[in-house]
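Student: Right, I'll just put the structure down here and ask away after.
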Amino acid sequence: MFPPCRIRVSGGFVLLAGWFVLANGWEPLVTVLGAAAVHEWGHWVLLRMLGAEVTGFRLSVLGAVLETDSGRLSYGGELAAVLAGPAANLLSALALTAVAKGRWPAAVGANLILCAFNLLPIRPLDGGRALYLLTAWLAGPAAGETAARWAGTVTAAALAALIGGVIWTTGGSLWLLPALAAGLYWSAGPWFSGTHA
Amino acid sequence: MTSRQAGRRLMHARARRRSAQSVRSGARKSEPLTAKDLRLMLRLVACGVIFVALVAAKLLLPARMADFNQQLSAAMERNMDVQAVFSAVGRAFSREEGSGVAEVYEAVFHPQAEATQTGATLPEADLPEKMTTQTPKLQDGAALDLLRSFRAVPETSAPTPETEAQSASNLAYVLYSQENLPEGVSMEQAILGFDYCAPVVGTLSSDFGYREHPTEGEERFHYGVDLAADVGTEVRCFADGTVTAVGDSSSYGRYCVVAHEGGYSTLYAHCSRITASSGTAVNRGQKIAEVGETGMATGPHLHFELQREGSYLNPVYYVSAL
């Protein structure tokens, strides 16, 4: 019934998870992974509904990625599949609030943060892809490419500046350095890598 | 050894992969490196360079590296509580759910102690607030470090100019917040409301605050100032008052306590002899004792403390030391 699905977990992800557990304990890791699972489950459900096959699942330092033969999807369909992840997070936050009545604030918060983070209009994230798909759908792929690039660069640069500012003002918090590096990479990335990955 | 082994293993793996690839692509042995191999090689070279550079830095500049290591680990420890951030966002969201727009507005624009900004903004946006809870600890450590660094000056060189001692005490005043002081200590510069004079005109040899104990060798709070002077130098009363105690203790040596108006009292310790007797009224500037090195002292000096209703004040503001 289900097509064979290749699951790959990168060494970087294992290292990151190990560090996270050392720094914060098991509980937040479970919370984060739970929220991530909800997110990916949202994507997966919509992809299944649209009849696309999920061919692989990759866990890396940068997050989880579902591999799919999205070539057959329409712009609208792909847009829906992309937005399904954050939507699943938002719905699960609402559901948890309604059912648990504030008993698991951390899970609600993790879902909300993951939702907001993924909606940033930076390309590898859902927000960036949604922006590209929407613009490409309405004004053509070239316009979509330009819009996604500029939005990604500006947002990532702003994010990097914000993180840099936080590090500067608190005089430490080196755990934010990878985030700063990611922000800088994202802001410069699309201009180096040519068309797009 | 291990790194070399790892390197060899990596090389081996690469060689194996390349051979597998070349077999797959038709055994072209003389072909230049593929892009993938080149990337792998570059990665290996970069790792090697970083490794060698770090080892070289550690061997060549051990003190600098130890210092850097300490700074780095201190900065790393200033971490955020991920669970707390999640919880704060979650609670803000839950509160939002149960109530109207007014409360949402309040949660976002007037964040209380717990409520951080909602997840509607960037996830990083609610981090700075978490930081503020960490900063007192940070200041504490920094203050202590700074104090340790300047404290060494008046101790090693005996004739310290007044300006330096004064600036040091001012620095202490700025650095100390109420949180990292021992109980019953106030760094405020109280306005006494009566005339006073320095009990001894001498060198300030030890300041009010944390210091390494001269005989015990550990970090302790010094509740007074030490004014170095020759044995027999007269100790004059700080202000008008009544002698409430004259005594001899293993740590203070021969000492006396004078009560002044407004709940203030002063203590004069390590004296060679006390000339005033308990219960008598004394005037400002009157000789009450002579400088000595009785009790736990490493040289002749007057240990002078100033208290207001049981809490210790920094006497340095009222003592014009040389």
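The values are calculated or read from the model by the stated rules, or taken from the named source; none is laboratory data. No experiment lies behind these values; they were computed from the predicted model shown. FYI the Cβ positions are ideal-geometry reconstructions off the backbone, even for glycines, and counts take in every protein chain you see.
Student: Here is a list: B:V258, B:V291, B:V316, B:V246. Which entry is of a type in the set (A, V, I, L, M) and assigned to a helix (DSSP H, G or I)?
Tutor: B:V316
Student: Related question: Every residue in region A:98-115 that is modelled with pLDDT of 75 or more and farther than 14 Å from A:G127 by Cα, please.
Tutor: A:A98, A:V99, A:W104, A:P105, A:A106, A:A107, A:V108, A:G109, A:A110, A:N111, A:L112
Student: Looking at region A:8-40, which of its residues are surrounded by fewer than 16 Cβ atoms within 10 Å (Cβ to Cβ) and under 11 Å from A:A64 (Cβ atoms)?
Tutor: A:R8, A:V9, A:S10, A:L33, A:A37
Student: Just to check your reading of the model, which residue among B:S272, B:S320, B:S250 is farther than 24 Å from B:T203 by Cβ and not aliphatic (A, V, I, L, M)?
Tutor: Working: B:S272 fails: farther than 24 Å from B:T203 by Cβ; B:S320 fails: farther than 24 Å from B:T203 by Cβ.
Only one candidate qualifies: B:S250.
Student: Only helices (runs of 4 or more DSSP H) wholly contained in region A:91-178 count here; list those with 1 or more residues that are away from every other protein chain (no Cβ under 14 Å) and either in contact (Cβ under 8 Å) with a residue 60 or more places away in the chain or among the small types (G, A, S) (or both).
Tutor: The qualifying helices (runs of 4 or more DSSP H) are A:126-139, A:141-170.
Student: Sort out which residues of region B:266-295 are buried (at least 21 other Cβ atoms within 10 Å of the Cβ) and among the small types (G, A, S), and write them in order of number.
Tutor: The answer is B:A269, B:A289, B:G292.
Student: Just checking, how many residues over region A:14-36 are in contact (Cβ under 8 Å) with a residue 40 or more places away in the chain, touching a helix residue (DSSP H, G or I) at 6+ places or on another chain (Cβ under 7 Å) and either more than 21 Å from A:V108 (Cα to Cα) or more than 10 Å from chain B (Cβ to nearest Cβ) (or both)?
Tutor: Of the residues in region A:14-36, 2 are in contact (Cβ under 8 Å) with a residue 40 or more places away in the chain, touching a helix residue (DSSP H, G or I) at 6+ places or on another chain (Cβ under 7 Å) and either more than 21 Å from A:V108 (Cα to Cα) or more than 10 Å from chain B (Cβ to nearest Cβ) (or both).
Student: Follow-up question, since we're still on this one. For region A:45-90, which positions are touching a residue at least 40 places away in the same chain (Cβ under 8 Å) and assigned to a loop (DSSP other than H, G, I, E, B)?
Tutor: A:E53, A:V61, A:L62
Conditions (1) in contact with a Pro (Cβ under 8 Å, 6 or more places away or on another chain); (2) surrounded by fewer than 13 Cβ atoms within 10 Å (Cβ to Cβ); (3) free of Cβ contacts under 8 Å to residues at least 40 places away in the same chain, marked per residue:
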residue: B:E216; (1), (2), (3): no, yes, yes
residue: B:V225; (1), (2), (3): yes, no, no
residue: B:V235; (1), (2), (3): yes, no, no
residue: B:F238; (1), (2), (3): yes, no, no
residue: B:G241; (1), (2), (3): no, no, no
residue: B:Y255; (1), (2), (3): no, no, no
residue: B:Y264; (1), (2), (3): no, no, no
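Student: All but one of (1) farther than 24 Å from A:E78 by Cα; (2) away from every other protein chain (no Cβ under 14 Å) hold for A:G11; which doesn't?
Tutor: Failing condition for A:G11: (2).
Student: Same structure, new question: Does A:A95 satisfy the condition of being surrounded by fewer than 22 Cβ atoms within 10 Å (Cβ to Cβ) and modelled with pLDDT of 85 or more? Can you show your working first?
Tutor: Working: surrounded by fewer than 22 Cβ atoms within 10 Å (Cβ to Cβ): yes; modelled with pLDDT of 85 or more: yes.
Here the answer is yes, as A:A95 does meet what is asked.
Student: Okay, next question. Inspect region B:72-80 for any residue being within 14 Å of another protein chain (Cβ to nearest Cβ), surrounded by 11 or more Cβ atoms within 10 Å (Cβ to Cβ) and either closer than 30 Å to A:L94 by Cα or at pLDDT 85 or above (or both) and give the result as yes or no.
Tutor: First pass over region B:72-80, keeping only residues within 14 Å of another protein chain (Cβ to nearest Cβ): B:72-80.
Checking the rest, the ones that are also surrounded by 11 or more Cβ atoms within 10 Å (Cβ to Cβ) come to B:72, B:74-80.
Subsequent filtering for residues that are either closer than 30 Å to A:L94 by Cα or at pLDDT 85 or above (or both) retains B:79-80.
The answer is yes; a qualifying residue exists.
Student: Continuing with this model, one more query. Which one is modelled with the highest pLDDT among residues in region A:41-75 that are surrounded by fewer than 19 Cβ atoms within 10 Å (Cβ to Cβ) and aromatic (F, W, Y)?
Tutor: A:W41
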